[in-house]
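The values are calculated or read from the model by the stated rules, or taken from the named source; none is laboratory data. Fair warning: this is a prediction, and the values are worked out from it, not measured in the lab. Here the Cβ positions follow ideal geometry from the backbone for every residue, glycine too, while neighbour counts run over all protein chains shown. Note: areas computed on protein heavy atoms with side chains; ligands, DNA, RNA excluded. Shrake-Rupley method; radii C 1.70, N 1.55, O 1.52, S 1.80 Å.
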Amino acid sequence: MVSEHIASLQPIAWHEPRDSYDVVIIGGGGHGLSTAYYLATRHGITNVAVVEVDYIASGNTGRNTTIIRSNYAIPEAIRFYDHSRQLYAGLEAETGAAIFHRVKGHVWIAHTEMGMRTERGRVLMNQAMGVDTELLGPADVKRLVPQVDLTGAGRYAVLGASHHVPAATARHDRVAWAFASGASSRGVHLIQHRPVTGLLRDGDRVVGVETAAGPIRAGVVLSAVGGWVSQVAAMARIRLPVRTHPLHAFVTNDFEQGLDKIVASTELACYVSQTERGQMLIGAEFDSQPSFSRLSSFDALRSYAYKISALLPFLRSMRILRTWAGLCDISADFSPIMGETGVDGFLITTGWGTWGFKAIPAGGEAMAELIATGRTPGLIAPFGLDRFRHDLAMADQASAGTR
Amino acid sequence: MTDAPAEVAGRIVVDGRPIEFADGDSVAVAIVRTGEVPGHGGCLCLAGDCGNCLAEVDGVAYVRTCQVAARPGTVVVRHPAGGKPQLPVVDWRDLTLMPVGSKIAVRRTEADVAVIGGGSSGQSAVEAARSAGRDVLLLDARDGSEVVGIYPGPSIVARDPGGMLHVRADEIVVATGSVEIQPACPGSDLGGIVTAGAAERLEAAGVDLGRVVHVGRELLRFEGDAGRVSAVVTVGMDATETTTPCETAVVDLGRAPRDVLARMSRAEGVSAVGPAAEDQPLPAPPRDGVVCPCMGTTVDDLEAAWDQGYTDLELLKRASWAGLGPCQGGACLPHVRSWIAARTSGPPPAPFTARPAARQITLAEAAADVAIDAFRRTPLHDEHLTLGARMDRFGGWWRPWHYGDAVAEYWAVREGVSVGDVSTLGKLVVSGPDVVEALERIYPCHVADIKPGRSRYALLLNERGHVMDDGMILRDAETRFTLTFTSGGAANAEMWLRDWIQTWGLRVHVMDRTMSLAAINVTGPLVKTLLARLGLEDAPRFLGHIRAEIAGVPCHVMRLSFTGETAFELHHPLDGSVALWRALMDAGRDLGVRPHGLQALFGLRLEKGHVIVGMDTELDTTPRRLGMDWAVRMEKPAFIGRASLERTAKLDDSRRWVGFSMDGEAPTEGSPIRSVENGEIIGNVTGSWTSPLLRKALMLGWQRRTPFADRVEIDGREAVVTPTPFYDPEGHRARA
Amino acid sequence: MPALEPVEGWRVVATPSALDGARWNGDDVDVLRIAPDEALALGATGVEIDDPDAIVEPEAGFSVAMLDVDDWHGVVDHIDWPLPEEPTVLAQGKVAGVPARIVLGEPTLLVVQAAYANELRSRLGW
Ligand SMILES: Cc1cc2nc3c(=O)[nH]c(=O)nc-3n(C[C@H](O)[C@H](O)[C@H](O)COP(=O)(O)OP(=O)(O)OC[C@H]3O[C@@H](n4cnc5c(N)ncnc54)[C@H](O)[C@@H]3O)c2cc1C
């Protein structure tokens, strides 16, 4: 089993770093790597370095619960995430890499009238955008998820749900490696263990990065950092409407497959899916207190365990293998921030919060297009930083809820 | 090896077969006693370190059987060979025993110093702390206290025979000692291999190990027969191989730090001592065979992943799975580090981090004694149930959604009289010499000109000029006001007010009355008749408020209207609530009084075009977007949000919340709103109601494209933008 | 099972010094100083206080249980924050996830807003 798994690894190529590139991407998470990949594959731009403080995908990309879905509530978000979902569906074919992409369907359970109102609206908005999401009654929920306790442990009765049929999961580090492999084999440099500590400037223009091991010059710098984005933006003298909060997750040991759907509840703010290895992968809401700590929290584990097993009682006797946390950059309107920053030579992709894994292909593709052409693609135009100045938030908090 | 134990203590059942065990046996030892292995091979440590004795015990899979005492009736099921356990199946009858995790006790304790591990380094840590007069707690897995994790605080979570143990300590000392290094060579996954320590334990328990061969660093591989070790092959200095037949192989490859807890405890106040913290020589680099027994990763696998570029310990771990299993790298990490050192001809990489759980717990154990979401009840809860209400949770409270027939409830309001429980509204009393100043700064409307006995509707804005909440400002006296807020927004609004008042250093007292006062909204054209019967002779004018006794209950009577009909909110102490409600129901019987739930209320307000913050608004909703600029007095010099509003007022704005109407049934709330020209989605419906009175579909919703349309498509039908209020636009009825 | 019953009293918000000097009417008054500027006087029938802007309101929004030692042991199991050592000190925090106030003593008083009483009862198995 392990050998089979390893046989499907794609090679990552490592290069001796240069001191200047056309494009320097700060942050070797999914967004940084996919941007590099699309620069190389779609635009032939390969004089690119991805500079990562730790190892690639050491941030949220390697810590997330891997849910890919497009059942958002505002058209701009639905369009963007659905495009990303489709890119994901074609990623194995495109790259030849095994990312363990599995279409599962996302059952988003409501326990109150207000919760049902949200799900009904979501279904209609999704359908209007051509996205396959249907409304379920309690009996349908039981049919799709036979393990569910419709009484919600006698406390959170299931009134119904929305079912987003094409929702999927994919192995997180495999996704990062697919892009890393595709980019590095085309000549992109991946530079690990190299913190970016400052920006090089020429007048008002950003012309490279300062790193712990010396400066690297660049035609364009893209910040694709996660967790510490406020600090990196501050290097460009930008104050972002972003706060960083820890988000926890945990997995059980491996079991035979048996939970087909991704199951989520907004009121309980928790969700679960079964990984390709058979673990139950469980997450919930981010910590309300902003922090840069990635230490696990038992309080989070306890409440997540309680909530998810109120919904799916078979989980109660399952043992927890591992818990961890990531750092989520939460923007003021719970939507991403992508594109130009107002500082010449410095672009940004951030605000990925608890929802940015699903966006890795479309986010990278769009940022690559912006870098290559100098024009912001329509798909991401609503998500520019300047929307806050124009008071045109992309508020979709209820959809961000369960990743 | 099948001798019956010396002293039979009872039987456990393994894969459906009863086996006997001796006093003091763990499940693993009892199984080894029968000549079998508890798992599916691999070297046993019997110290809780490796993952080779995992099995399902009493319905819980992945249990280290060496850490569980055998008890009569213990049911053990081996995990499927080469496979994984099935998902647990719920016995639905168990679920009547609520709530989650409630059967598991949680004990909480505190100590100056908590020492994990009672070996010699642990004992000296205990003694040192004791002699310094500190209160010490010692946790040792051998006494049944299995530490799950160390958390910031610092704190420890452990499982012990009594349930779960949550420990808070000023200082935590990890003294977990060392583990015996597991073999990593061909055949190391066979049964019948034990560590030297395990062999000692088994011998002490009187287990017959048959023909035993001891082997150390000269180990080359194991040979086996039917899954069990049959011989040990060693290599001498001169590279000659020697094969020694055996029934049990006892392995002594030296020790490595038992550092899973040390590797996860970056928390402040945590230190590691003794062998747990000491570097030990790494084993020779593995050349062949299984390296990670939990995941089955072999040396070939490491090689293959490395060759593909996964050349960082962290990448290698994730690519090869070595270290991802239940023992958290306890078994494989020394081998993998040694292998990398050999591969790179460099120093071994630093160990990877470990994360809880060091010893696993079930979700039920994690969830033991968890309580989240305390839902509130109003004093009228039982009244609602008696009246057949369907209760729903809304804004953290249980509230009546309807009493069986929302339309009949609606008509009672429009044509007769009706009562609604609005006890959940936020209520603050503020008083003090600076109170007017404070409220003028907080609210976007004028406050100073509200006369005692009068009130005003107000929005609450944040610094960005976005609507946070709304409610009433009621002036009680020169320097005293009552403020109301929405049910869901009350807690936030209270913090908001207190924060600002403190920030400004103003002399204002704040008392939260949200849960101290109940409130009943009495509304409908016949309301005055009803209230007069109960003693309210001089009803206040619209937006007036008085103190009066109604049915003997002291009430703060507020005249306002959310329903569009004449309405009085009766705020009163909790202990008078049931009496007041019943008096209203009794005295209004001939008037056709009936209670209304939220569903009817939402329809009633919709006909009036009143906003519900949170349901209709987004987090960027400005008063302008709601068409509520009238509630903002930009001529005021300062209030929260003013600077932002001044700036955004100059921007083109493409968002408006407006009314729509069309024939037929109301569409579902949340429906997309499309352009009639090109079908593009230009907004969404936030409120929708088939008006029984106006006999058409009325809607409130957002337009998010300019120029704003006059006609739109909703639910495949054409709807027209319609000024609100839809009903009684002049407001005669509310003022009547 | 201990009874968790509604109680009456007075609630006052005033300057801390005025509250320090407040004179409470009634026999058997338990004054809970829930904030520097706020007191809840259970069993009080009135109060004299030296602050013209004080907010002084009769209060019927709380429920109280008197706990003997055994009852208290059952409650302590559901408290996951450190309790003060000294008796008669007011402790405020969650009990079984419900916001509550505790006055340690003999008996110990457990005070909650009445809106939460039902939730607390069911969580404590009362
Ligand atoms: C527990 C958890 C569960 C989640 N679940 C989901 C989910 O189910 N679905 C979903 O869509 N999203 C989910 N997310 C969110 C998702 O993981 C992230 O939004 C996504 O991974 C962001 O990718 P990224 O490349 O922007 O950031 P990251 O992967 O965090 O990458 C940023 C990189 O920048 C590096 N970096 C930081 N500072 C510097 C510096 N100064 N110099 C150099 N490098 C630096 C970091 O080390 C990091 O590797 C979850 C997040 C968490 C934490």
> In debye to the nearest 20, how big a dipole does the protein assembly as shown give about its Cα centre with +1 on each Lys and Arg Cβ and -1 on each Asp and Glu Cβ?
Replying inline: 2820
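Enter the mean number of other protein chain beta carbons within 10 Å of the beta carbon of each residue in B:58-70, as an integer. Write out the running numbers ahead of the final one.
On the way: counts 1, 2, 4, 7, 8, 1, 0, 0, 0, 0, 0, 0, 0.
Going residue by residue through B:58-70 and averaging, the value is 2.
Below 8 Å between Cα atoms, with a sequence gap of 6+, how large is the relative contact order for the range A:22-71 in percent? Can you show the working numbers first?
Values: 48 pairs, mean separation 22.4, N = 50.
With pairs under 8 Å counted, the relative contact order is 45 percent.
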> If amide H atoms are built 1.01 Å from N in the plane of the peptide, which residues on other chains or at least 5 residues away come under 5 Å of the amide H of B:I550?
Replying inline: B:C555
> Check B:K696: other-chain or 5+ apart residues with amide H under 5 Å from its amide H, H built from backbone geometry?
Replying inline: B:S691
>> Output the 0 to 90 degree angle, nearest 10, between the alpha-carbon long axis of helix A:113-128 and the longest principal axis computed from the alpha carbons of chain A.
In response: 60
> Of B:S691, B:A719, B:G731, which is farthest along the charge dipole of the range B:654-736 in the positive direction, counting Lys and Arg as +1 and Asp and Glu as -1 at C-beta?
Replying inline: B:G731
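For B:T243 and C:M1, what does the FRET efficiency come to when R0 = 41 Å and r is the distance between their Cβ atoms, rounded to the nearest 0.05?
On the way: r = 72 Å, r/R0 = 1.75.
That pair, B:T243 with C:M1, gives E of 0.05.
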> Mind checking how much accessible area B and A bury in total, 1.4 Å probe, in Å² rounded to 100?
Replying inline: 8100
> Ignoring ligands, DNA and RNA, what percent of the accessible area of the range B:8-83 is carbon or sulfur (1.4 Å)?
Replying inline: 51
>> Could you check the spin-label model distance between A:R42 and B:D710? Points 7 Å from the Cα along Cα→Cβ, value in nm.
In response: 4.2
> By how many degrees, 0 to 90 and rounded to 10, does the Cα axis of helix B:577-587 deviate from the longest principal axis of chain B?
Replying inline: 40
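Take the Cβ-Cβ distance between B:E200 and B:A643 as r, set R0 to 51 Å, and report the resulting FRET efficiency rounded to the nearest 0.05.
Numbers: r = 76 Å, r/R0 = 1.49.
The calculated FRET efficiency here is 0.10.
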>> Name the residue from A:Q279, A:L190, C:V7 whose Cα lies farthest towards the positive end of the charge dipole of the protein assembly as shown, charges +1 on Cβ of Lys and Arg and -1 on Cβ of Asp and Glu.
In response: A:L190
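So what is the relative contact order of chain A, in percent, for Cα pairs below 8 Å that sit 6 or more residues apart?
23
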> Hey, can you rank B:630-640, A:202-212 by average C-beta count inside 10 Å, highest first?
Replying inline: A:202-212, B:630-640
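Quote to one decimal, in nm, the extra length available between A:S288 and A:D202 on full extension: 0.36 nm per residue of separation minus the C-alpha distance between them. Don't skip to the end; give the middle numbers.
Working: separation 86, 0.36 × 86 = 30.96 nm, distance 3.94 nm.
Length gained, A:S288 through A:D202: 27.0 nm.
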>> Within the range B:504-544, name every residue whose backbone N is under 18 Å away from a label modeled 7 Å from Cα of C:S17 along the Cβ vector.
In response: B:506-509
> Per-residue mean of other chain beta-carbon atoms within 10 angstrom of the beta-carbon, peptide B:607-619?
Replying inline: 1
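What's the extension gain from B:A341 to B:E478 if we count 0.36 nm per residue and subtract their Cα-Cα distance?
Numbers: separation 137, 0.36 × 137 = 49.32 nm, distance 8.03 nm.
Result: 41.3 nm gained on full extension.
Give me a single rounded figure for B:287-298: the average over its residues of other chain Cβ atoms within 10 Å of their Cβ. Each step should come with its number before you reach the end.
On the way: counts 0, 0, 0, 1, 0, 1, 0, 3, 5, 3, 5, 3.
Taking the mean over all residues of the peptide, I get 2.
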> What distance in nm separates the simple spin-label points at A:E256 and B:R217, each placed 7 Å from Cα in the Cβ direction?
Replying inline: 4.6
>> Skipping prolines and chain starts, which residues have an amide H placed within reach, meaning under 5 Å, of the one on A:C270, given they are 5 or more residues away or on another chain?
In response: A:S265
> So what J values fall out for the range A:188-197 if you push phi through Karplus, 6.51 cos²θ - 1.76 cosθ + 1.60 with θ = phi - 60°, rounded to Hz, Gly and Pro as x?
Replying inline: 5, 8, 9, 10, 8, 6, 9, x, 7, 10
>> Taking 0.36 nm per residue of sequence separation and subtracting the Cα-Cα distance, how much length would be gained by fully extending the chain between B:D288 and B:E303, in nm to one decimal?
In response: 4.4 nm
>> What's the ranking of B:48-60, A:168-180, B:17-29, B:537-549 by average number of surrounding C-beta atoms within 10 Å, highest first?
In response: A:168-180, B:48-60, B:17-29, B:537-549
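Roughly how big is the range C:64-124's charge dipole about its Cα centre, with Cβ charges of +1 (Lys, Arg) and -1 (Asp, Glu), in debye to the nearest 20? Don't skip to the answer; put the middle values down first.
Numbers: 4 positive and 9 negative charges, 73 e Å.
Dipole of the range C:64-124, to the nearest 20 debye: 360 debye.
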>> Quick check: pseudo-label points 7 Å beyond the Cα along Cα→Cβ at A:Q127 and B:E278, how many nm apart are they?
In response: 7.1
> So for the protein assembly as shown, taking the charge dipole from beta-carbon charges (+1 Lys/Arg, -1 Asp/Glu), which of B:V115, B:S561, B:G48 sits furthest toward the positive end?
Replying inline: B:S561
> Mind checking the angle between helix B:490-504 and chain B's longest principal axis? C-alpha axes, 0 to 90 degrees, to the nearest 10.
Replying inline: 90
>> Let me check against my output: what whole-number percent is the relative contact order of chain B, with C-alpha pairs under 8 Å and at least 6 apart?
In response: 9
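So for each of B:419-432, B:280-293 I average, over its residues, the number of other beta carbons within 10 Å; can you give me the resulting order with the highest mean first? Working shown, then result.
Details: B:419-432: 23.9, B:280-293: 19.7.
Peptide ranking by packing, descending: B:419-432, B:280-293.
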